[in-house]
Structure formats: structure tokens, C-alpha cells
Amino acid sequence: MRIEITRNPTDLARRAAEHFIHLAAQAIAEKGRFAVALSGGSTPRSLYTLLANDPYREQVRWSAVHVFWGDERCVPPDHLESNYGMAREALLAKVNIPVENVHRMAAEKPPEQAAEEYERILHTFFNLKPGELPHFDLILLGLGPDGHTASLFPGTPVLHEQGRLVAAPFVEKLNAYRLTLTLPVLNHAANVTFLVEGEAKASVVRDVIEGKRDPDRLPAQLIRPANGVLIWLIDQAAASQLSLRQ
Ligand code: 6PG
């Protein structure tokens, strides 16, 4: 695990953009494509905006990029809460990525049906044999104040889901269904990168990274890519309660 601390959110977005561009170039050089699962919420918006503009936009061969989502709210794509909607508005509508390369979760459909459909999309794209897991080149993750990541919320059964690639958990605290990649998929990625900023996340960052292991209470602690590189990109405010502050 590597922790990179930036002075402020602007530097964080820049560092994240450089990281994205580097991994995309590496995967495209090696395999001719870059499969990335985007995170949702508000933090990644500044990263997506940077990637949509020069000088970053032209450093990505968008025709070879395939975009997926790590999780999604169960709302239509044009809904304010939609992770797809945010990424589309901040990035995807502004770069030359082929429409067939954008693999949206059909979150307007009944949750279980949407999860099954997304599983099929993953099986087809990654040409999976039974029991095989998708191998994303990069999965971006955020961190909620309660220690959730993607839509893996504390104390929910989906934390123990080992068989499915995509699940549709009902999240009591939100009184809403979510769609989420499951832990086996998240931990099978070549690169998993947390992007976390702000004072409000400082205590949960400390608890997840340096606190007692308590994954049911802090699901982000379950992110341990078996053969992948785990990086925390955090700004100084979010890192302010880490004892190892550089
Ligand atoms: C979501 C995200 C979720 C998010 C965290 C942090 O759909 O909300 O996938 O896991 O990354 O809740 O959200 P913020 O960036 O808004 O703090």
C-alpha cells in the first residue's frame, strides 16, 4: 500500500489525473485497452473535470478507454444523484470516447435486474470463464465518513458476498438500494486507488489506515488487492490525523 499526500484538493486532482493518464498509457501499450471503474460521490468530480480539459485530455487515447462504474445509486442516468450522470457531465460528454466504451449500470431498472445485467456486461467484456473475475486496470474508490467504499456499507451482507460480481444491496441508513461491484472484483484489480479529500474525512482515514482492524464497521479496510497496487491519494486535510504524516 502506498500513501501519497498532496497539499490541497487542486494538487490532489492533478496527481490523480497524472496517475490515471500513466495507468491508461501503460494498459493501452500492453493490451490495447484500459478498463477503469469510476467512483461516484463528489470527490472525483474535480479529477473528471481535469481529464476533460487540456493539457490532460489529449494525453489519453479515449478510443481505447472503457469506462465502468464501481457503484451506482438506483436512479435514472439524468438524476442529480447518478454517478454516471456526474461523470458524463464532467468528463464523458467532453472527450472522444466511443459510446460503446461507456458501460453504464442500468440503475433505472429494478435493482436485482440491473445487477444481473451488469454481471453479464462484465462477463462479455472480460470474456470470463465460469468462476473467473474481471481484471480492471484501475478501480477508483472514494471513502465515506462511515468507512464505506463503493456501496459497501458497514454491517451490510454484501461485505461477505463472494460469489457474485455485482450486487444490489438495500442500504438501511439510506433507505435505498444501491448497485455495487463486490469485494472479489474490487480486490482483483491491477490498481485500486482511493481518492479522499477534506478535514471531514481525517478521522475515518486514520481509522481505516491506522486503526484497529474492524472491517464490518470500516468496509474500506476490506480493500486489499491480492495482486494489485493499492494507493491512497489524499490531501493534507484528510491526512491530518495520520500519525505517519510526511
Ligand atoms: C457513492 C460512492 C461512494 C463515495 C463516498 C465518498 O456512490 O457515493 O461511490 O462510495 O465514493 O461516499 O463520497 P464523497 O466523495 O461525496 O465524499
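Amide H contacts of L230 (H built 1.01 Å from N, in plane; Pro and chain starts excluded): R2, V192 sit under 5 Å, all sequence-distant by 5 or more or on other chains.
On full extension, the segment bounded by A93 and S203 gains 36.1 nm, given 0.36 nm per residue less the C-alpha separation. Computing FRET efficiency as 1/(1 + (r/R0)^6) for V102 and A29, where r is the C-beta to C-beta distance and R0 is 25 Å, gives about 0.65.
Over the residues of the chain, the helix contribution to mean residue ellipticity at 222 nm works out to -8000 deg cm²/dmol, using -39500 (n - 2.57) for each DSSP H run of at least 4. Qualifying trypsin sites (Lys or Arg not before Pro) in segment 177-218, where qualification requires a DSSP coil assignment and no more than 15 other C-beta atoms within 10 Å, comprise K212, R213, R217. In whole Å, what is the distance between the alpha-carbon centres of segment 34-95 and segment 167-198? Going from one Cα centre to the other spans 16 Å. For chymotrypsin sites (Phe, Trp or Tyr not before Pro), no site in segment 57-86 is both called loop by DSSP and has at most 12 other Cβ atoms within 10 Å.
Considering only L138, A25, S82, and ranking their Cα positions along the charge dipole of the chain that arises from unit charges at the beta-carbon of Lys, Arg, Asp and Glu, the one farthest toward the positive end is A25. For the pair N175 and F125 in one chain, pulling the backbone fully straight at 0.36 nm per residue adds 14.8 nm over the alpha carbon distance.
Phi angles across segment 198-208 convert, under the Karplus curve 6.51 cos²θ - 1.76 cosθ + 1.60 with θ = phi - 60°, into 3J(HN,Hα) values of x, 4, 5, 9, 4, 6, 6, 4, 4, 4, 5 Hz, Gly and Pro given as x. Pairs of Lys residues in the chain are counted when their Cα atoms are under 27 angstrom apart and they lie 8 or more places apart or on different chains; the count is 8. Close amide H pairs (under 5 Å, H built 1.01 Å from N) link L141 with T193, F194, L195, residues at least 5 positions away or on another chain.
Using a probe of 1.4 angstrom and keeping all protein chains present, the accessible surface of the chain works out to 44 square angstrom per residue.
Hey, what D do you get for the chain in µm²/s if you plug the Kirkwood alpha-carbon radius into Stokes-Einstein at 25 °C and 0.890 mPa s?
137 µm²/s
Across all directions, the average projected area of the convex hull around the alpha carbons of segment 41-91 is 3.7 nm². Summing charges over neighbours of D207, with a neighbour being any other residue whose Cβ is under 15 Å away from its Cβ, gives 0 when K and R count +1 and D and E count -1. When Rg and the Kirkwood radius Rh are both evaluated on Cα atoms of segment 57-156, their ratio Rg/Rh stands at 0.96. A simple charge model with +1 on the Cβ of Lys and Arg, -1 on the Cβ of Asp and Glu and nothing else charged puts the dipole of the chain at about 400 debye relative to its Cα centre.
The values are calculated or read from the model by the stated rules, or taken from the named source; none is laboratory data. All of these numbers come straight from a predicted model, not from anything done at the bench. Neighbour counts are summed over all protein chains in view; Cβ atoms, including those assigned to glycine, are modelled from backbone coordinates with ideal geometry. Please note that ligands, DNA and RNA were not included when accessible areas were found on the heavy atoms of the full protein model with its side chains. Shrake-Rupley method; radii C 1.70, N 1.55, O 1.52, S 1.80 Å.
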